[in-house]
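Notes follow once the structure below has been shown.
The values are calculated or read from the model by the stated rules, or taken from the named source; none is laboratory data. On a predicted model such as this, the values are computed, not experimentally measured, just so you know. Here Cβ is always computed from backbone atoms with ideal geometry, including for glycine, and neighbour counts include all displayed protein chains. Only protein heavy atoms, including side chains, enter the accessible area calculation; ligands, DNA and RNA are left aside. Shrake-Rupley method; radii C 1.70, N 1.55, O 1.52, S 1.80 Å.
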Amino acid sequence: QVQLVESGGGLVQPGGSLRLSCAGSGSIFSFLAMGWYRQGPGKQRELVAGITSGGSTNYADSVKGRFTISRDYTENTVYLQMNSLKPEDTAVYFCNGRWNQAEFWGQGTQVTVSS
């Protein structure tokens, strides 16, 4: 199966930036549709950004213009560049991959936006 390992979370001030990384392993990684989800305190998990195996992207309205999802097929890594961070972006961010009937999740990484 695919293993997803996330990194890059941390504490940042409002207006700051972070880049999350999701490093994958497995021969099918390049075929996965990938997404970043987040779950804030007391909230449901929501899709933040998605990218298909072909590179098409989509974003939640709340992050459009601020976040960018990308993938590096050579490195088997998906990134989420987060700019102009707001306190409401505070959440645990999860990396997700889907292929056919299979679904894979990373362990989650905490992003805290606070002054």
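For this structure, a couple of remarks:
- With all protein chains in place and a 1.4 Å probe, the accessible surface of the chain carries 47 percent carbon and sulfur.
- Computed Kirkwood radius, in angstrom, where 1/r is averaged over Cα pairs of the chain: 14.0 Å
- Take the Cα of Gln1, go 7 Å toward its beta carbon, and the backbone nitrogen atoms of segment 28-69 under 18 Å from that spot belong to 28-35.
- For the chain, accessible area per residue (1.4 Å probe, heavy atoms of protein chains only), Å²: 52 Å²
- Full-extension gain in nm, Asn58 to Thr74, via 0.36 nm per residue minus C-alpha separation: 3.6 nm
- About its Cα centre, the chain has a charge dipole of approximately 160 debye under the convention of +1 per Lys or Arg Cβ and -1 per Asp or Glu Cβ, with nothing else charged.
- Averaged over residues, the count of other Cβ atoms within 10 Å places the peptides 88-96, 42-50 in the sequence 88-96, 42-50, highest first.
- DSSP finds beta bridges in the chain, and of those with both partners inside it, around 95 percent are antiparallel.
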